[in-house]
Amino acid sequence: MNPLSFLAQMIRIAIPYLFAASGGVVAERSGIVSLTLEGFMLGGAFGAVVGTNYSGNPWVGVLTGMLVGLAFALIHAVCTIRYRADQVVVGVAINLLAIGVTRFFLKLFFASSSNSPRVAGFGGNIKLGGFDNPLLWLGLVVPMAVAYLIYRTPFGLRVRAAGEHPDAAESVGVSVKRVRYVAVAISGILAGLGGVYLALDQHQFTDQMTAGRGFIAISAVIFGRWDPIRAALACLLFAAAETFQIQLQGNHAIASQFIEMIPYVLVIIALAGLVGRAVPPAALGKVED
Amino acid sequence: MPWGERAQEALIPPLVALLIALICGDLLILSYGQSPAGVYRLLLEGTWGNAYGFGQVLYKATTLAFTGLAVSFGLRAGLFNIGGESQLAAGGFAAALTGLALPVATPLIIALILCIVAAGCAGGVVGAVPAYLKTRFGAHEVIVTIMLNFIVLALLNWFIAGHLHVPETLHTPEIHAGVLPRLSDLSPTFHGSAANLALVVALFVAVAVWFYLFRAKGGYELRAVGLQPDAAEYGGISVGRVWMRALTFSGVIAGIGGINYVLGYKHYYEDGFASGAGFLGIAVALVGRNHPFGVLLAAFFFATLSQGGLAIHAFVPKQMMDVLQGVVIIAVATAVPEVRRVLRGARKMSDT
């Protein structure tokens, strides 16, 4: 196994996770449950393909992908923040809605129930001197940017306050609702970008192409204990496991199904506190009356 | 609360949701250049309008009734079981294994009971894991059940793909013991539809759940914990034990649902047969307001949507129904607390 090609493949696999998990950290730290990442990603992937297909320019696809991710995030935000609907239920429904909407418009735009035509993307992925896909670099930087946002800016302080002590935040004049709106919007844009990367990397949209990646991302958030850098490391860990499995293919020492389970098993172990307790933000998912 | 207000609280959210879904449906149909009235007529004709369509609705409603009852049972104790899909799959898998293991000559009734018990046990085991992790370590059941979905489905996929499949397929050989009769065996009008006597099992489970929740001491404890865990604990109820029971039996109910496909329809376990049914179960429980009989109605409604998609497919892609399912869930989830607040506000106004 060539270590350089291992690393390159691992990073390629990790990028969608890094985008989505970074978004998930922001939303969850503000107190909003992020079971929606899967739907945001799927929407972003579809938006990217539509934008790129009709303009021929992948940068337009990046923009439209982010917008679709944002649109789904705003539906989630309005229902859970304005109308105080249950975040888990709406989250599950957002994922179903994203599957349905992308399927319906796949049929309407491209007359197919399985995949879009091939679209342009960014250049080939890996060169020895580096990567020539700008989204790849962005994905590597995003967790650090989110860490800066959360820990070093006034907005980040408000996000953390909204997630831990919303009442206290309100009492000093912070609009918890507005903070949460912005946080969910950021998570929609970032997770959307994860989907954009995925679709442009594969040069097409396929039905349900995110295939659980949003749930791996939320697993990384939990396993990383809601810290952007640790969540990013968890993303890299999960991506390494996947890369390992791909490179081992043909070698049946470990069945692929067991490698697939790794992120999910690690999350359960983390939640059960067997390797130090994963404690969520205090106000996560709570609805105040 | 007077029953008139309770009825309002129960009925307004689904009606609002239905209205929103109809409007969204209109827009989607118009985007395809079709007439909404015509498409809705086709939808009704293809589902309730003929015995085959109706049979298919009943078949789909049966699985959704099981997963919906499972979710609502957990929710009555204040717990969210999102693991319906893997519990259903595990139940179906266990039923198929039992059906395969039993000699062909086993009397039907004994084979059925054994298959159903196996299905329930398998679902119960999958449900007991989050229950244990919740009571012992405080791990949140929402995350654990989602993660278990992936783990259990990967495990079942490993069993099937690696060991038990008929070559070139992803399903087990056909079972010979424990095959449930279809409705078409009893009445030829249902010819060709997959509806089978698992429907009767679903109705029986719904009645049993109703009896347990509203007429048995255990159900009273369960609902007390769901409403106010701290008060229930103070009142001498062991909250941990109730949680164990609620999630385990939620898993049992979802697991038994596996018989609809395995014993009633295909007579084998196939990888992915449960796909999506767990998440829709949440929708069914929500629209059915967590009442066993409401759940049955909601299962029928969502099954109609799903079968209706096939009926209109020549004119508007059936994927429209995937959109509407999402819309209905979001609308109900949003309307329920809002309607409650508005009604409460109105009551306060009239009191003063």
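Throughout, read-outs are computed from the coordinates displayed, never taken from laboratory work. The model shown is predicted, which means the values in this text are computed figures rather than measured ones. Reconstructed Cβ throughout: ideal geometry from the backbone, glycine too, with neighbour counts over all protein chains shown.
Data table
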read-out	value
Two-site label geometry, B:ALA231 and A:ALA168: point separation in nm, points 7 Å out along Cα→Cβ	2.9
The stretch B:249-304-the stretch B:186-238 distance, computed between alpha-carbon centres (Å)	13
Tilt relative to chain A, helix A:176-202 - C-alpha long axis, 0 to 90 degrees, to 10	0
Using distinct alpha-carbon pairs, which all enter the 1/r mean, Kirkwood radius of the protein assembly as shown in Å	25.4
Per-residue Cβ neighbour rank within 10 angstrom, fewest leading, A:GLU260, A:GLU28	A:GLU260, A:GLU28
Across B:LYS60/B:LYS134; B:LYS134/B:LYS217; A:LYS286/B:LYS60; A:LYS177/B:LYS348; A:LYS107/A:LYS177, pairs whose alpha-carbon gap is larger than 30 Å	B:LYS60/B:LYS134; A:LYS286/B:LYS60; A:LYS107/A:LYS177
Using a Förster distance of 56 Å, the FRET efficiency for B:PHE137-B:ARG41 (Cβ separation, nearest 0.05)	0.55
Farthest positive-ward along the stretch A:22-166 dipole, Cα basis, beta-carbon charges - from A:LEU74, A:VAL88, A:TYR151	A:LEU74
Distance (nanometres) between label positions extended 7 Å along Cα→Cβ at B:LEU19 and B:SER238	4.9
Fraction in percent of alpha-carbon pairs per bin - 5 Å, the stretch B:52-298	1, 8, 14, 18, 19, 16, 11, 7, 4, 2, 1, 0
Dipole moment magnitude, nearest 20 debye, the stretch A:3-271 about Cα centre, only Lys, Arg, Asp, Glu C-beta charged	420
Distance-filtered residues of the stretch A:186-228 - backbone nitrogen under 20 Å, label point 7 angstrom along A:ARG118 Cα→Cβ	A:197-207, A:209
Rounded Å value of the spacing that divides the Cα centres of the stretch A:190-215 and the stretch A:1-50	8
Ordering of A:208-221, B:137-150 by packing [mean C-beta count within 10 Å, highest first]	A:208-221, B:137-150
Ranked list, fewest to most other Cβ atoms within 10 Å of each Cβ, for B:SER35, A:SER30	B:SER35, A:SER30
Estimated FRET transfer efficiency (B:TRP210, A:ALA111; beta-carbon r; R0 56 Å; 0.05)	0.75
Overall Cα dimensions of the stretch A:3-271 - principal axes, largest extent first, Å	58, 43, 34
